[in-house]
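No lab work stands behind these numbers, since they all come straight from the coordinates. Just so you know, these numbers come straight off a predicted model, no measurement behind them. All Cβ positions, glycine included, derive from the backbone under ideal geometry; neighbour counts span all protein chains shown.
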Amino acid sequence: MSRVQPRGASGYVGDDTIVLGIETSCDETAAALVAGGTDVLSSVVSSQVDLHAQYGGVVPEVASRAHLDLLNPVIARAIVEAGVQDSSIGAVAATIGPGLIGALLVGVSAGKALALTWDVPFVGVNHMEAHLYATFLEDPTLELPMVVLLVSGGHTMLVEMRDHGSYRLLGQTIDDAAGEAFDKVARFLGLGYPGGPAIDKAAAGGDPTAIDFPRAMLNDGLDFSFSGLKTSVMNYVRKFPEVTTADVAASFQAAVVDVLVAKSRRAGQQVGARALALGGGVAANSLLRERFLDACSADGRQCHLPTPSMCTDNAAMIASVGWHRLRSDGPTPLDAAAHPNLCLPFAVDR
Ligand code: KG4
Ligand code: ZN
């Protein structure tokens, strides 16, 4: 007999339904158990960073094979750490896109197989929507409308969240994502992979005003551009090789953060946001967090900075969106395909 009795879409999850979340879109293999969409019972993340570091970036085929090896033990650990029996899991959620297709397929196939075995609903989760939900997981009291600055390795966007599941795209990068800029500049400076944390660390010992790198499109709308900044850094270092890496890292980081914070403030003002929040891997950046908080208190808005482990890829955020999506839309059919280029479901485009 099915453990969850369908009574229309909202009947698929109850207030305390435990959802197993699975995340394999890129280079983290993660599983988590979350009850009622917000109560994190366990969250296990196995990073493949060391595996990819030798290549200077994520190698898709290596990532897929590592997910295959790691996923079952990671899921088993998440269940043990939560201290529950398999039989109390009421639904399975897995990232269905965007991401690396081979990597996504591992998590989606495992999620569907477990849902079928346990006779519970399966739900495919949009990875970007999950980064937005990481904010609610930690602070369910956040007031809407809220503007979220989503800054990861593949995306940089400002999203207005009007209601649960209702988004409007306010601005996005026209070239490189912020995380991509951090990774490329770090590689150029010989700081290794992943570049964001390495630049963050190197910048701590440098002078952010040492070099006046360009702040592209600072006073112009809500879109971003980071590829010119990356080129400026390279040109500067080639011209002045005696410059210290710490000063370059600090000045580059200050240029990125200036633009991210200025546009987030403008977006908040434009939509009359009650709260501003960060999401995605770059939200772990120490300067961005400090400046974002200052900006929110100056503008009188609620501010949410997810803890760094909730900014980077994890499965608790997947389970959380899975719970909300099961409640609003019901399960995803088991023949649904993974989508490497899946977009956020924007209710209204700008
Ligand atoms: O969200 P995420 O874990 O994966 C994607 O979905 O892309 O984001 C990874 C990105 C990488 O580009 C990484 O360099 C960046 O987040 N990142 C940081 C920091 N920690 C991670 N960027 C700047 N400062 C950090 N402390
Ligand atoms: Zn991510």
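For the chain, a Gaussian network of Cα nodes joined below 10 Å ranks Asp212, Asp335, Asp119 by mean-square fluctuation, and the top entry is Asp335. Partners of Lys230 within straight-line reach, counting lysines whose Cα lies under 29 Å from its Cα and excluding those fewer than 8 residues away in the same chain: Lys184, Lys201, Lys239, Lys263.
Out of Glu23, Glu81, Glu129, any idea which swings most in a Gaussian network model of the chain, alpha carbons joined below 10 Å? Taking springs between Cα atoms under 10 Å, the residue moving most is Glu81. For the chain, averaging the sequence separation of C-alpha pairs within contact (under 8 Å, six or more residues apart) and dividing by the residue count gives a relative contact order of 26 percent. Considering only beta bridges that DSSP places wholly inside the stretch 14-103, some 75 percent are antiparallel. The label point for Thr141 and the one for Arg215, both projected 7 Å from the Cα toward the Cβ, are 3.3 nm apart. Shown in residue order for the stretch 88-104 are the 3J(HN,Hα) couplings computed by the Karplus curve 6.51 cos²θ - 1.76 cosθ + 1.60 at θ = phi - 60°: 8, 7, x, 6, 10, 10, 9, 5, 10, x, x, x, 6, 4, x, 5, 4 Hz (x for Gly and Pro). Pick from Val271, Val108, Val159: which residue has the top mean-square fluctuation in a GNM of the chain where Cα pairs under 10 Å get a spring? In the Gaussian network model the winner is Val271.
Summarising the amide proton neighbourhood of Thr173: residues at separation of 5 or more, or on other chains, whose placed amide H is nearer than 5 Å comprise Thr156, Phe224.
Taking 0.36 nm per residue of separation and subtracting the Cα-Cα distance, full extension of the segment from His164 to Ser88 would add 24.8 nm.
Multiplying the residue separation of Asp175 and Phe188 by 0.36 nm and removing their Cα-Cα distance gives an extension gain of 2.9 nm. Scalar couplings 3J(HN,Hα) for the stretch 198-213, obtained by applying the Karplus form with A = 6.51, B = -1.76, C = 1.60 to θ = phi - 60°, are 5, 5, 3, 5, 5, 5, 4, x, x, 9, x, 9, 4, 10, 8, 6 Hz; x denotes Gly and Pro.
For the stretch 84-182, the list of trypsin sites (Lys or Arg not before Pro) that fall in a loop by DSSP and count at most 14 other C-beta atoms within 10 angstrom is empty. Per-residue extension of 0.36 nm, minus the Cα-Cα distance of Asn235 and Glu81, leaves a gain of 50.5 nm for this segment. Within the chain, the cysteines lacking any other cysteine Cβ closer than 4.7 Å to their own Cβ are Cys26, Cys311, Cys343. Measuring nothing but how far apart in sequence close Cα pairs (under 8 Å, 6+ apart) lie, relative to its length, the stretch 1-144 scores a relative contact order of 27 percent.
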